[in-house]
Structures are given as C-alpha cells and as structure tokens.
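Step one of this worksheet: look at the structure below.
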Amino acid sequence: MGTHFYNPAEGGDALLWQHLFWFFGHPEVYIIFLPAVGMVSTILPAFVGRPLFGYMLLVMALITTGVLSFGLWVHHMFTVGLPRLGESFFTASSMSIALPAGVQIVCWLATLWAGKPVYKTPLLFVLGFIVTFVMGGLTGVMVASVPFDTQVHDTYFVVAHFHYVLIGGAVFPLLAAIHYWFPKITGRMMSERLGRWSFWLIFSGFHLTFFPMHLLGLLGMPRRIYTYQPELPWAGLNLFVSLSALILFAGFLIFFVNILRSWNDGLPGGDNPWGATTLEWATASPPPSYNFRRIPVVSGREALSAGEEDLPVVAGLRTDRRELLVTSVVEALPQARESSTSDSVWPFWAAVATSVLFIWSIFTPWAVVWGSIPVAVTLVGWFWP
Ligand SMILES: [Cu+2]
C-alpha cells in the first residue's frame, strides 16, 4: 500500500514491526491454549466421577490470563536493546502469568485428587498435558528473566520451551478431545489398546525428542541453522533427538490407524459411553441433524445428573410457525414467547454492501461516501416496516 510505518527513511520505525508481530504473537499462544483449557475442564470430570473443583476460580484465572497476555510481548525482544526499566516491567508481567496458570493446574489436580480416576486414553492425554505443560511453564518463568534469556536467546532452549508449551498445552488436550468426542461424532469407540500404545509412544517420544533440546540450547546450539561444525559438542544429542522423533512418529501413526479403523469397525459406544454429565451427551451419538427434537430444560453446568438419560423438555411453543422462547439473561427463566421473522435475503445483501464499502475504502476515502448508499438501502429493506 506504500505506507511508511516501518521505513526509517520516511520517519517510520523498523522495530515497530517486531512490536506489532509479538503484540499479536504472544496473546496468540493463549488463544491456542484457551480452548484446550475448556477441553481439559470438560473431559476431566467425566473420568473422575465428580464435578470440576473450583470452577469459578478456574474461569477467573482464565480471564486473568487473557488480560495479562496482552502485556507480555516484549519478553520476545529482550536482546533488541530496549530500555532496562521496560524490560524489568515485562519480566514481572511475564512471571505473573504463572499465577493464574498455577491456579488452573491446582484446580485440575484437586479434581483428580478428590475423584476416582478411571485411566482411559482421554484421561491419559489429559495427564500428559498437565505434566508437559507444567514443564513448559517452568522454563517460561526461566526465560522471562532478562539475564537468563540473553544467554539462551535464539538457542534450542527456546525451541524446547515453546514445544513444551504448545504441544503440551494444545496438542495433548486435542488428542484427549479427539479420543473423548470420537464416539459422539461416529457412534463408535476408538480402540483402547491402540489408544494406550499411541499415548505412551507420543508421551515418551515427545519428551525424549524435546527434553534434550534444553541441554543443546544451554550448550549454545543456535536455532534456525540446520548444520554445525563437527567439533562442536552437539552431535550425540542431535542424533538422539532425531531417533526419538521416530518414536513420536510411531505414536502418531498408531493414532491415525486407530481413527481409520475405529471409524467403521469400532465398538458401538451407545449415546453416552463415558457416563458424562455435559449437555452434548443428552442426545443420540452421533447426534441427529437437529440435535434436539425439543428444547431440553437445563438447570446447570451439569445438564445430566449421573445415570439420567432423558431431560425434561420445553413444551407449549407453536409448531406451525417459528417461535422463540424468551428467557431472563442470567437464570434463563422462561418469560415470553416471541414469533420469529420469516425468511429474508436482505441480511445477505446488507453484508455484501458492507464488505464492498470496507474493501473499496482501502483504495479511496470516497468509498465511505458512495458505499454507504447501498448499505443504507439494504438496511432499510432489512428493517422495513
Ligand atoms: Cu510470549
């Protein structure tokens, strides 16, 4: 577009790009992690037979993590040469995010501690997540400190750290989630035997591959450089890492074989194979296209109490035209019946007109003037009469 934001010759600042990148890039780590928190918090109670410990605390910790994550990005830029006071601030904020993360881990551990864990494959992956993510969090506190970070910057220590955080914090929960919701999607169970094989191969393969990278980094091996002089002391560990990656590969191979085989030939699981209490298990597995034939009445986070099969349903809505149940916001108590609008193409044209306005306005400010005419027309059509 010919802008000069990053061009020093025109009064811009090249470093601004790095700031902008990490102002996106650090919160993004948590955007990857937050869905995993939801998965783990949903899966864990199903395998320990009790509700999540400290639900409110966990949610508050999650929100705190989200807010704090926007104040940490400079910890990726400690070797840029920024003012010392600023670096100290970002050390403090980076270390402080370990607190809400610690609260979440304690809630999950307390749930495990107070329940009777049944060690099926999804729970194994959840435990693998907790172990791996805590280790990644500990090295995170280490690299938040400027003197230490200056030593290991751009070395394999950092590569090890972020694989522990991201594979531990997102891939392990995803693997747990796939094993857990597979019967919801297909009506069939994944093989428990293959599941255990894949878990132990992935878990051990992961740690054998990535733990030595901490040591390689401390020995000074730089990242993003694919080769090195033979006299440097990295060859043995690198060979070890490469061989361990094969174990990791074997684990994922078995995982994919498990999916393919179970898709058509897995044992039928019934509607609620894990005896879970969340709402998605209150309908058939796999669910019909309409999910619920009638709106179920849900009275809490645990939609199904133990052993319950059918929920009471909302009755009295019209069936000959669209009607919505209006409820209070927090308690969801029924308050009114509202007839819904008929089909309309106007929202679609309003969306097209709005998109044209915004894309056009990249090229000329006049688009805001002329482009608002079709937007106005479609909005009038939409809201008429
Ligand atoms: Cu970061």
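Please find, among 44, 52, the residue that is outside any helix (DSSP H, G or I) and surrounded by 14 or more Cβ atoms within 10 Å (Cβ to Cβ).
Selected residue: 52, the only one of 44, 52 that is outside any helix (DSSP H, G or I) and surrounded by 14 or more Cβ atoms within 10 Å (Cβ to Cβ).
As an exercise: evaluate residue 141 against (1) within 16 Å of the ligand (Cβ to nearest atom); (2) among the β-branched types (Val, Ile, Thr); (3) not in a helix (DSSP H, G or I) and give the number of the one condition it does not meet.
(3)
Go through region 306-333 and give me each residue that's surrounded by 10 or more Cβ atoms within 10 Å (Cβ to Cβ), under 18 Å from residue 277 (Cβ atoms) and of a type outside the set (A, V, I, L, M, F, W, C).
Result: 308, 312.
Please indicate, with yes or no, whether at least one residue in region 149-160 is acidic (Asp, Glu), closer than 27 Å to residue 242 by Cα, in a helix (DSSP H, G or I) and within 16 Å of the ligand (Cβ to nearest atom).
For region 149-160, residues acidic (Asp, Glu), closer than 27 Å to residue 242 by Cα, in a helix (DSSP H, G or I) and within 16 Å of the ligand (Cβ to nearest atom): present.
Kindly establish whether residue 205 is under 27 Å from the mean Cα position of the chain (by Cα) and outside any helix (DSSP H, G or I).
So residue 205 does not fit the description; no.
Only one of 94, 69, 88 is away from the ligand (no atom under 11 Å from the Cβ) and of a type in the set (Ser, Thr, Tyr); which?
Result of the check over 94, 69, 88: 88.
Given the conditions (1) within 20 Å of residue 138 (Cβ to Cβ); (2) under 21 Å from the mean Cα position of the chain (by Cα), report the number of the one that residue 56 does not fulfil.
(1)
Taking the conditions exactly as written (within 16 Å of the ligand (Cβ to nearest atom), surrounded by fewer than 18 Cβ atoms within 10 Å (Cβ to Cβ), touching a residue at least 60 places away in the same chain (Cβ under 8 Å) and aliphatic (A, V, I, L, M)), does residue 80 satisfy them or not?
Judged against the criteria, residue 80 is a match.
Residues are listed down the side, and each one gets a yes or a no for (1) out of contact with any helix residue (DSSP H, G or I) (no Cβ under 8 Å at 6 or more places or on another chain); (2) farther than 20 Å from residue 270 by Cα; (3) modelled with pLDDT of 85 or more:
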residue	(1), (2), (3)
303	no, no, no
319	yes, yes, no
322	yes, yes, no
327	yes, yes, yes
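Answer with yes or no whether residue 358 is exposed (fewer than 10 other Cβ atoms within 10 Å of the Cβ), more than 30 Å from residue 180 (Cα to Cα), of a type in the set (Phe, Trp, Tyr) and at pLDDT 90 or above.
So residue 358 fails the test.
Taking residue 199 as the residue in question, decide whether it is aromatic (Phe, Trp, Tyr) and either surrounded by fewer than 19 Cβ atoms within 10 Å (Cβ to Cβ) or over 27 Å from residue 149 (Cα atoms) (or both).
It is true that residue 199 is aromatic (Phe, Trp, Tyr) and either surrounded by fewer than 19 Cβ atoms within 10 Å (Cβ to Cβ) or over 27 Å from residue 149 (Cα atoms) (or both).
Name the residue that is nearest to the ligand (Cβ to nearest atom), counting only residues in region 1-55 that are in contact (Cβ under 8 Å) with a residue 40 or more places away in the chain and polar (S, T, N, Q).
Here the residue is 18.
The values are calculated or read from the model by the stated rules, or taken from the named source; none is laboratory data. Model, not experiment: these values are computed from the prediction. FYI the Cβ positions are ideal-geometry reconstructions off the backbone, even for glycines, and counts take in every protein chain you see.
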